[in-house]
Amino acid sequence: MNQKKIFYLTVVFWLLIFSGFILYKEYTLRTGTEVLLKTEPVDPRDLFRGDYVTLNYEISTLNLGEIPAEDPYFEYNDRIYLALEIENGYGVPKKIYKNPPDDELYIKGTVKELIYDWEEDKEGLIAEEPRIKELRIEYGIESYFVPEGRGREIESQQWTGREGVDVKVVVDKFGNAVIKSLLIDGKEVEI
Amino acid sequence: MFDEDLIQKWLDEGTINHAQAEKMRADLAECKKEHRSKRQVIAFSTIGAILIGIGAILFVASNWEKIGNTFKVLLLVGSTIGIHYAGYHFKYENQKYPRLGSALILLSALFFGASLFLIAQIYNINANNSTLVLIWIIGVFPLIYGYMSTPIAGLCSLLFYLWIGLLYTERTDLEKLISMKDLYLLSGITVYFTGVLHGFTEKVKHAEKTFKFMGLQAVLIALFVHTFKLWEYKVEIIVPVIYAISGILLLAVLLAKPLREKSRSFQADVSISIIALLMASITLTTIYVPESYISAPEKVYMIIFNVIFLGLLTLLLYAGYNMEDIGIVSTAMFWFILLIFARYFDFFWELLPRSLFFMLGGLVLLVISIVLERKRRELKVQFSGGEQ
């Protein structure tokens, strides 16, 4: 193969990667359903992409006592599909599935931590098999990037903990989610 | 290459006359000058490319709000393609600036990563995502072979280590399987092995040295970390198995006769396979010999790893000297100084008053550096036949 062909192949290959990446996310943004999710932000820094806000959603921790699960046995790194019900624009967890449910709005996540619960007898011994109490889930939407230096500024000025911080997320029919905007007290944050 | 001594010998023997000797001396001087100048051009253009690449990554990191996302993507992707074309043009079409062309191709590979991270930033893809680094590797890896690019082989090795690190922090279940230092030691052995395999085929031989260098550095860093008395050393059974497989594989490849004849750095290659096999036996010991059987296990493992590290450095020095490879000799010497420095801190920090500790340490290091530098210079002169 001559160098000219290699040059063209490289350019096509790179453009395919860039456009594939963009199309994948744009598909979700353009075809998905808008859902609001409640969060608590903190501000670290990414290796290559500067300042970002770490978003910890209410649906990041799923209490199995409150949310029904299709199958109560989970393992680390299991894929889950959380069915959401929309109440006043907010996505509220309805049921946890191990396979994508039919005809329901759901968001795809991965189990990152299992929190167990068990009962002890009078002598402090575990009386029964520990059962899973809560799941820590990652949805791939836990970072929100802001201009360099603005993360801490926004946090100190506006996010005092009293205001409601929500994230507008778009979820497509395959459960993929993309962050659309950040809202403080219902207003979109201008960055 | 022949040197001054050889020309004098031929002259004394009457093999060549004075005019021929003069011509040879002039050509030799010209050739050395040309070689030095080429190396300077490569160094400057590569450093320049890396600096611009870092600038592009920092541009992404600053997330400058004054430019819209679409424009930013077009700017960075356009620059990536443009720089890549410029590199291709200078190296293959114009052919007048092949070294600059190579540096620009490296720069385009850095820009490719920056563009990727910019798109990820726009769509708020999770921070420190290992998959992005993997896509970066996949995107630029073919260039090692397409353009015979050694700097991209180096970049891919670095990205591979970065990917391993990010994956390790993402997948907390990996912590139960293997420690970070063992993972990097194995990664280093793998990259070194990749270099060995490249050495056997003429078409990809250009990447051999880079992969071996990058692999060797990771092996040395990971082993160096092992030499500290920091943690208890316990592993899962999978670790000795992987060490054993990689050591046996490397040794099998090296000992196969047709391949052995092709290997230019047989002794250094064997040293790495010995390290892998040694690590397999040590890690196996940590599993099957309970720590209660060994008094002060942390200290014992620390001594073992110090001996192994010193042994590897000695083997590398021997291999570098035999192969007349100043790169290997310099690497071994550098790590030797670092080891002495670390152990000096370990043993004397508590024993000596601070002022005496630093003065004595500085003095010891100065003496060692003078001795090693002199030795290195002698070897360099010897290897290159007179060139300093």
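None of the figures in this text is laboratory data; all of them are computed from the coordinates on show. Keep in mind it's a predicted model, so treat the numbers as computed, not measured. Methodologically, a virtual Cβ is constructed for each residue, glycine included, from the backbone with ideal geometry; neighbour enumeration extends over all protein chains shown.
Points worth noting:
- For segment B:14-96, chymotrypsin sites (Phe, Trp or Tyr not before Pro) are listed when DSSP marks them as loop and at most 14 other Cβ atoms sit within 10 Å of their Cβ; the list is B:64.
- FRET efficiency for residue B:303 and residue B:237, using Cβ-Cβ distance with R0 set to 22 Å, rounded to 0.05: 0.35
- Förster-model FRET efficiency, 60 Å R0, residue B:89 and residue A:116, C-beta, rounded to 0.05: 0.45
- Fully extended contour minus Cα-Cα distance, from residue B:8 to residue B:338, at 0.36 nm per residue: 114.7 nm
- Rounded, prolate or oblate (a/c below 1.5 giving rounded, otherwise prolate when a/b exceeds b/c) for segment B:37-190 by Cα gyration tensor: oblate
- The alpha carbon gyration tensor of chain B gives principal lengths a ≥ b ≥ c with a/c of 1.5 or higher and a/b no greater than b/c, which makes the shape oblate.
- Sparse-neighbourhood loop sites, chymotrypsin sites (Phe, Trp or Tyr not before Pro) in segment B:328-375 - DSSP loop, at most 14 other Cβ within 10 angstrom: B:349
- Burial order of peptide ranges A:176-185, B:271-280 (average beta-carbon count within 10 Å, highest first): B:271-280, A:176-185
- Counting Cβ atoms of other protein chains within 10 Å of each residue's Cβ and taking the mean over peptide A:12-23 gives 5.
- Formal net charge of residues neighbouring residue A:12 (Cβ-Cβ distance under 15 Å; K, R +1; D, E -1): +2
- Global form of segment A:62-103, assessed from the alpha-carbon gyration tensor, a/c cut-off 1.5: prolate
- Loop trypsin sites (Lys or Arg not before Pro), segment B:171-253, which have at most 15 other Cβ atoms in a 10 Å radius of their Cβ (DSSP): B:171, B:229, B:234
- Under 11 Å, Cβ to Cβ, from residue A:175 - net charge with Lys/Arg +1 and Asp/Glu -1: +1
- With both labels modelled 7 Å from their Cα along Cα-to-Cβ, the residue B:171 to residue A:23 distance reads 2.9 nm.
- Summing charges over neighbours of residue A:97, with a neighbour being any other residue whose Cβ is under 9 Å away from its Cβ, gives -1 when K and R count +1 and D and E count -1.
- Shielding of A:135-145 by partner chains, average beta-carbon count, 10 Å: 3
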